[in-house]
Structure formats: structure tokens, C-alpha cells
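These notes are about the structure you will find just below.
The values are calculated or read from the model by the stated rules, or taken from the named source; none is laboratory data. As the structure is a computational prediction, the values presented were derived from the model and not from experiment. Here the Cβ is made from the backbone with ideal geometry for all residues, glycine too, and neighbour counts use every protein chain on show.
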Amino acid sequence: MASLSHLNQQLLSTNTLPFTPLNSTPSISPPTIGFRSKSFGRPIVASADVSRRVVYVHAVTSDDEWGPDRDVPYAGVAVAVEEKPVETETDKLKKALVDSFYGTDRGLKASSETRAEIVELISQLEAKNPTPAPTDALTLLNGKWILVYTSFAGLFPLLSSGTLPLVKVEEISQTIDSEAFTVQNSVRFAGPLTTTSISTNAKFEVRSPKRVQIKFDEGIIGTPQLTDSLEIPENVEFLGQRIDLTPFKGILTSVQNTASSVVRTISNQPPLKFPISNNKAQSWLLTTYLDEELRISRGDGGGVFVLIKEGSSLLTNQRN
């Protein structure tokens, strides 16, 4: 009967997968765990790489203290593999950038200190740009991108409209079709009874590895979508006084029924489209960072735009 040390030597010389002898101390990290068992009448020796959570299984094919040789060839098999993702420096920078947008309302309410921090993080990401020629990787540009931050002052009046009572800018997005070479910019508004959107359609041309020229040709005012019902509170506070709305329930219910009727009428109407024929209705856009989920662009007005691809976990965790 072969000794245990003889068995380890044989396994080390015949197996190609990583293996740690049972009667020796591993000389390399990460640490491993060895164990022995029987399976289907055949001895099994396994070792586990703890840090990578990988278990290797080997059949013993020589006589030892567990039994005679079964003469069944059995190669090493990786039973379970679970690679722990490694967070890169770029991943950390992206998360830090998104976190810095908190409370800025897409840049409208950003303080000078916050803007300085954002500029620094953007500069560091641009230095690590994995796509140095974005216009040669149009498939990455393809899709819907959600604006999460801008320093472009031309957008601030639009963002300020979201601070008005009962009005909110729900989303600003840009949808790129890389096959048709089209761009649609869209803003979605929400009120107490309705949501609507204003969009512009444009064509773009590639002018350099990083720059595209955009020409707008059509504007669209979306059909208002009214809420089908109203939440009527029991009371409201006004100038420190609590006002009971119970006596007005009947009137408010009548208004609700009228609004529902308007919904069925307006929602069936097509959106309003109008041509944009102004020769000055064009601009260029320079993309300075691009990967599968984050895009940083600079416009001819001097502003910077940070956009996240729809469906990205960065967008899920992003808070304004």
C-alpha cells in the first residue's frame, strides 16, 4: 500500500490543476484547504482556494489506505468557481463622481466647492478614458443617456422651471441611434394632473475621432398625459391654519370626473411636430470619456455634460 507522501508526489507529477498536498504547508498565498472523501466507490482529494472560492477535485487512481486502484482515469475538475470582482481605480472615480452630484439638481444647485470637486473628478476620468476615439465606437454611443449633471448655463432656466410650484423636471435625456445617425434630446415635465415632454430631433455627422456635428431639424411637443384620478386629502395647512376639505368633497369629485373625461380626449391626440429651419440650429459635441455606462461630453457653449446609460447601476444609485 502506497504511503500518503508517495501519493502526494504522484498527484503533483500527474495533475495539471492547482493542488496542495495534504501533509504539507502551502508555500504560496492565498491559503488552501484540503479534505478527503469517498464518492461512487472512488477516493476523492480536493483542495479549495479560499480567496477565489474555487474547489478542485481529483480522483486517486493508485492503491492507498482508502482502497485498491479502480483503474478509472479521472482528470481534475473545477467544481465551483466564483471570481470576486475587483474594483478598479476607474470604478472608484465613477462612483465618487456620481456621489458628488447629490443635492445639486443636475448642477443647478451646486456650490462652488462642489463644482471644483466635480471638475477634478471629471479631469481624472478623462485621463483614464478607455475609448480614445468615441466616434469609432458608435455602438457604445448608441442608446438612451440620462443627464445627471451639467455646467452649461443655457440649461439652468429650464432646470429652474422645476423649482416652480407644482412643476417638476422629471428627466432630461439624449437618445442616439448610431445606425441612422440621429439624436433626440428630450425633457419630461410633471405636474399635479399631467406629464408632458418637449423633444428635438437632429442628425449628426462625424467630424473627428471625438467630435460630432449636430443639426436640429424638428421639434416635438408631446401629448399631455393627465392623471386619471386625484388624491383628495382630508385637510390641508395654509398659512399655519388647518383647513377641512370635507365640505368640498363633492365639488372636488366633480372636478376629478371632468379631468378623467379630458384624459380620454387629449391622450388620443398625436404629438405636435414643427420644423426647425434656422441655419443656426446646430452645434458640435466633443466626447471626452466613454464606456458602457458613463459618458462625459463638452459642447460648443463651453459646458460639460455627464450622462449615464439607461439601466446602469450608476443611475440606480444616483440621487439628486
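Annotation note: of E171, E179, the sole residue that is modelled with pLDDT under 95, within 19 Å of E292 (Cβ to Cβ), outside any helix (DSSP H, G or I) and acidic (D, E) is E179. Only residues that are touching a strand residue (DSSP E or B) at 6+ places or on another chain (Cβ under 8 Å) and aliphatic (A, V, I, L, M) were counted in the range 120-137, giving 3. If only residues of the range 96-134 that are among the polar types (S, T, N, Q) and assigned to a loop (DSSP other than H, G, I, E, B) are counted, the one that is surrounded by the fewest Cβ atoms within 10 Å (Cβ to Cβ) is S111.
Taking the stated definitions as given, is I214 at pLDDT below 65 and among the β-branched types (V, I, T)? No, not satisfied.
Of all the listed residues (S267, S283), the sole one being surrounded by 11 or more Cβ atoms within 10 Å (Cβ to Cβ) and either at pLDDT below 65 or β-branched (V, I, T) (or both) is S267.
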